[in-house]
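Reviewing the structure listed below.
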Amino acid sequence: MKRIAVLTSGGDAPGMNATLRAVVRMGIHRGHRIFAFYNGFKGLVENESAEMYNRSVGDILTRGGTIIGTARYPEFKDPELIKRAARTFKLLEMDGLIVIGGDGSFRGALALEELGVPVVGLPGTIDNDCNGTDNAIGFDTAVETVLDCIKKLRDTASSHQRTIIIEVMGRHSGWIALKAGLAGGAEAILVPEMPFELEDLCHRLESGIARGKKHSLVVLAEGVMSAGELSVMMKDKMGFAANTVVLGYVQRGGSPTANDIILGSKLGARAVDEIAAGVSGVMVGEMKGELVTTPLQKVIDERKIIDPTLYHLAMDLVH
């Protein structure tokens, strides 16, 4: 029997609850005891925890967010807080910690591992920027949410013959913008990985208008610039007027898609077995349909960027 802890950290992502459910129920099925720390690493530092049972995770499979709470906890960079968290872990006689989160969460996990805490990471981030997995938990749901917004905004843009800039999440990676923009037929997609010229963008939009288009949609990843900044630049330098919409936190919420529920369930169950086998310092992901492990340090060092082929396809299809 192992005593296995789990926490969710960083931004919430649809599917985290499904992942938590899989950790708890697979852990109990394997004969282990499962404990949850509340509100990310803060709960580990302050020993806010509870043992989880099958009934603890009942009826959460299709719920968005995370029932054990999450937080961005920049204070966890403090070596003293990391030591305090490690002491809490050892005082509770835990055998391993499963961290569900993204890049920042994995940095915290590695800091704990250096102090003797066995850790396994699971990619829970709508940005989908974790190396070592084709999709992160929450990404598929975020794309569907943005796509739904694109369809609604296209109706208004067409009715009023307007250009709308839609700002989506993606500080370092443009996966949401790319996939939602491609699926939504956006006239332009701007992502951090691909440079763009303002003049080329405006000419592309003007060309569409000249061909009889009544509206244009530009999907913009926040890592490029804000929608407001782009709108001002287009107006001041090119005389091109555009309205702006910032989708913000709506992209994180809502019930997870079937894909995210299934992915979270698979990864959560596998993480339990990795911890039980004494594995540490890795992230469990899925690549080409197979569950794989990748060293957490490699996940951090090699951020996943968009597929340029997919980007050029999206741009070619709107001519």
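Please treat every number below as a calculation from the coordinates, not as lab data. In this text the structure is predicted, and so the values were computed from the model without any measurement. Neighbour counts are summed over all protein chains in view; Cβ atoms, including those assigned to glycine, are modelled from backbone coordinates with ideal geometry.
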Mind telling me which of LYS288, LYS179, LYS90 comes out most flexible in a GNM of the chain, alpha-carbon contacts under 10 Å? LYS288
Each label point is 7 Å from the Cα along the Cα-to-Cβ direction; what then is the distance between the points at ARG84 and ASP307, in nm? 4.5 nm
If you average the C-alpha positions of segment 126-141 and of segment 239-318 separately, how far apart do those two centres end up, in angstrom? 1 Å
So who's got an amide H within less than 5 Å of the one on GLY15, skipping anything under 5 residues away but keeping other chains? H placed 1.01 Å off N, in plane. GLY65
Top of VAL143, VAL219, VAL250 by mean-square fluctuation, Gaussian network on the chain, Cα under 10 Å: VAL250
List, in the order given, every pair from LYS2/LYS83; LYS266/LYS298; LYS152/LYS298; LYS214/LYS288; LYS90/LYS304; LYS77/LYS179 whose Cα-Cα distance in the structure shown is over 30 Å. LYS152/LYS298; LYS214/LYS288; LYS90/LYS304; LYS77/LYS179
Given H placed on each backbone N at 1.01 Å, which residues far from GLY40 in sequence or on other chains put an amide H within less than 5 Å of it? THR8, ALA71
Arranged by the count of other C-beta atoms within 10 angstrom, fewest first, what order do LEU112, LEU81 take? LEU81, LEU112
Residues with amide H under 5 Å from that of LEU97, placed H, sequence gap 5 or more: ALA5, VAL119, VAL120
Could you derive backbone 3J(HN,Hα) for segment 109-126 from the dihedral phi with the Karplus parameters 6.51, -1.76 and 1.60 (θ = phi - 60°), listing whole Hz in sequence and x where the residue is Gly or Pro? 4, 5, 4, 5, 4, 4, 9, x, 8, x, 10, 10, x, 10, x, x, 7, 6
Dipole of the chain, positive direction: furthest Cα of ALA50, LEU97, ILE164, with charges on the beta-carbon: ALA50
Just in segment 1-103: which chymotrypsin sites (Phe, Trp or Tyr not before Pro) are loop by DSSP and have at most 14 other Cβ atoms within 10 Å? TYR53
Assertion target for SER265, SER158, SER173, ordered by fewest C-beta neighbours within 10 angstrom first, is SER158, SER265, SER173
Given labels modelled 7 Å from the Cα in the Cβ direction, how far is it in nm from GLU229 to ARG211? 3.0 nm
Taking 0.36 nm per intervening residue step and subtracting the Cα-Cα distance, what contour gain separates LYS77 from LEU198 on full extension? 39.7 nm
Whole-Hz couplings from phi, Karplus 6.51/-1.76/1.60, listed for segment 157-168; x for Gly and Pro: 4, 5, 4, 9, 6, 10, 9, 10, 9, 10, 8, 10
